[in-house]
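Since the structure comes first, as structure tokens, the remarks are kept for the end.
Derivation of every value follows stated rules applied to the coordinates shown; laboratory data play no part. Given the structure is predicted, the values throughout are model-derived calculations rather than measurements. Cβ: placed from backbone, ideal geometry, glycine included. Neighbour counts: every protein chain shown.
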Amino acid sequence: MKNIIEQNKSVVRAVIKKITGSNNEDLEQDVYIKAWQNMNKYDAKSGKFSSWLGVLTANVCRDYFKSKFYHQNAEQIDDEVLENKTADISSQEEMLSSKERQKIILKAVDSLPKKLRQIIELYEFEELSYPEISKKLGLPQGTIKSRLFNARKILAEKLKFLQGE
């Protein structure tokens with residue numbers, strides 16, 4: 001397990017930082033524990049280990065955002081955002097920190113239908129290419145592009161208040 005941690009530490013940390021907006025050692029430890037517990041579920045035929053670990057990391061981050069601990073802290077932020085939504089958009093932009101924006105965006109991503117959410121996660125968070133996603137999911141590249149377009153369209157509508165529209 002020590003070799004796995006050393007070889008994949010940068011991938012795990014990058015995914016956690018990209019999703020949560022900060023380095024979170026507790027989440028990193030949770031990822032390694034889950035990886036160790038689910039090692040028997042990894043199939044080398046389905047892709048690289050680092051990709052599997054990246055998806056597992058993204059799932060751990062999503063679980064964290066769904067946790068009771070996170071919701072207790074996030075409720076305050078959500079209330080502030082909703083109150084500010086009716087305020088002047090330019091002042092709202094100033095009030096939203098990068099971390100708050102990321103939380104709002106992740107909630108919007110989580111609200112997508114599974115097939116669209118999966119494509120967004122693989123393309124945006126895991127930074128896989130169209131051919132890699134196509135191979136991983138067994139779908140034509142055209143389907144991948146279409147779903148990515150639809151997911152972005154839905155997210156743009158849900159998040160347009162963040163863009164100042």
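Could you tell me, in Å, what Rg and Dmax come out for the Cα atoms of the range 1-63?
Cα only, the range 1-63: 10.8, 32 Å (Rg, Dmax).
Using the Karplus equation 6.51 cos²θ - 1.76 cosθ + 1.60 (θ = phi - 60°), what ³J(HN,Hα) coupling, rounded to whole Hz, does each residue of the range 106-113 give in order, writing x for Gly and Pro?
5, 5, 5, 4, 5, 7, 5, x
To the nearest 0.05, how large is the calculated FRET efficiency for Lys115 and Ile5 if R₀ is 30 Å and r is the Cβ-Cβ distance?
On the way: r = 32 Å, r/R0 = 1.08.
Calculated value: 0.40.
Karplus couplings for the range 120-125 from phi (6.51 cos²θ - 1.76 cosθ + 1.60, θ = phi - 60°), rounded to Hz, Gly and Pro as x?
Running phi through 6.51 cos²θ - 1.76 cosθ + 1.60 with θ = phi - 60° gives 4, 4, 5, 7, 7, 8 Hz.
Once label points are set 7 Å from the Cα along Cα→Cβ at both Lys160 and Met39, what is their separation, rounded to one decimal in nm?
5.0 nm
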